[in-house]
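Here the structure comes first, spelled out in structure tokens, and everything after it is commentary.
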């Protein structure tokens, strides 16, 4: 079992880029402790979902030394005991940069995918699905359509956002009897260890007899601006607060963060994951980037 604060091994520290393959660089972070801290542990059974990662700086070598470069899309379930700490993943991927993996590109990619999958499954203690993509990959259409942008609504500029804290926000509700989809490009939170900012776009899909008011959703997203949490925590905190208000409706939260250190993370949480998220959560498909990516 990994150390409770193993995530501090590399974060906020100067680390030399590894010169050779080293799976021991990967750091596991238990989900349970962070969920307990945020009051989510008892609700975790309510949602399913995935953590979707893109490692944009993937590279390794053929036996003749010719580099192969591309993007690795990694997906593992929200039910996994652990997540992988992002800086450790970057260092681990860099440790493969000079590794000779096959005589042909096909052979090298296969070796790379199998090796990384095995190493990550050991860390998260669950299934991991991944796919290496190169310049020839055709990107799927971004299917997250029909989401209204909260900050473009007329009410947004008339609100007062000073001093908002998410725990103090009283979420308002209103009748729905259908489905509504909102997004906001204003998502910002800070790394739990380094306090460096993480930027992203939040997607909220609500189906049922009632919904959170758009004013409350926007206030909640803005309130995360100075919170110090990992990406996965932000999505789960939002799911928890919203679900408590709209249950027993269907709720889906996706936080598509911009890349930092060559990696981006998209946590998706839902109690009934709709098909429009299939391409996003499929490791075999790269999707078109949204505005903030």
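Bear in mind these aren't lab numbers, they're just calculated from the coordinates by the rules spelled out. All figures in this text were calculated on a predicted structure; none of them were measured in a lab. Neighbour counts are summed over all protein chains in view; Cβ atoms, including those assigned to glycine, are modelled from backbone coordinates with ideal geometry.
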Quiz item: Top mean-square fluctuation among 109, 123, 16, Gaussian network model of the chain, C-alpha springs under 10 Å?
Solution: 16
Quiz item: Once fully extended, how much extra length lies between residue 290 and residue 272, figured as 0.36 nm per residue of separation less the alpha-carbon to alpha-carbon distance?
Solution: 4.2 nm
Practice problem: On a C-alpha basis, how far is the centre of the range 58-106 from the centre of the range 181-219 in Å? Whole number, if you could? | Solution: 30
Practice problem: Quick one: compute the contact order of the range 6-133, relative version, from alpha carbon pairs under 8 angstrom and 6+ residues apart, as a percent. | Solution: 33
Practice problem: Kindly express, to the nearest 10 degrees and within the range 0 to 90, the angle between helix 105-124's C-alpha long axis and the longest C-alpha principal axis of the chain. | Solution: 50
Quiz prompt | Under 18 Å from the residue 155 label point (7 Å along Cα→beta-carbon), backbone N, the range 236-252 | solution = 242-243, 245-246
Quiz prompt | FRET efficiency, 1/(1 + (r/R0)^6) with R0 35 Å, evaluated for residue 114 and residue 228 via beta carbons | solution = 0.45
Quiz item: Taking only DSSP H segments of four or more residues, each worth -39500 (n - 2.57), what value at 222 nm results for the chain once the sum is divided by all its residues, to the nearest 500 deg cm²/dmol?
Solution: -6500 deg cm²/dmol
Practice problem: Report Rg (one decimal) and Dmax (nearest whole number) for the range 6-133, counting Cα atoms only, units Å. | Solution: 15.8, 53
Self-check item: Estimated FRET transfer efficiency (residue 69, residue 196; beta-carbon r; R0 35 Å; 0.05)
Solution: 0.85
Exercise. Only one of the values (i) 6, 22, 29, 23, 11, 4, 3, 2, 1, 0; (ii) 6, 29, 38, 23, 4, 0; (iii) 6, 28, 34, 21, 9, 2, 0 was calculated from this structure for P(r) over Cα pairs in 10 Å bins from 0, in percent; name its label.
Key: (iii)
Quiz item: So, in nm, how far is label residue 209 from label residue 19 when the simple model puts each one 7 Å beyond its Cα toward the Cβ?
Solution: 6.7
Quiz item: Relative to the longest principal Cα axis of the chain, at what angle does helix 214-223 sit, 0 to 90 degrees, rounded to 10?
Solution: 50
Practice problem: Take each of the peptides 191-200, 232-241, average the number of other beta-carbon atoms within 10 Å over its residues, and list them starting from the highest. | Solution: 232-241, 191-200
Self-check item: Longest to shortest principal axis, alpha-carbon extents of the range 138-293, angstrom
Solution: 41, 38, 27
Quiz item: In nm, to one decimal, how far is the modelled label at residue 99 from the one at residue 165, with both set 7 Å along Cα→Cβ?
Solution: 4.5
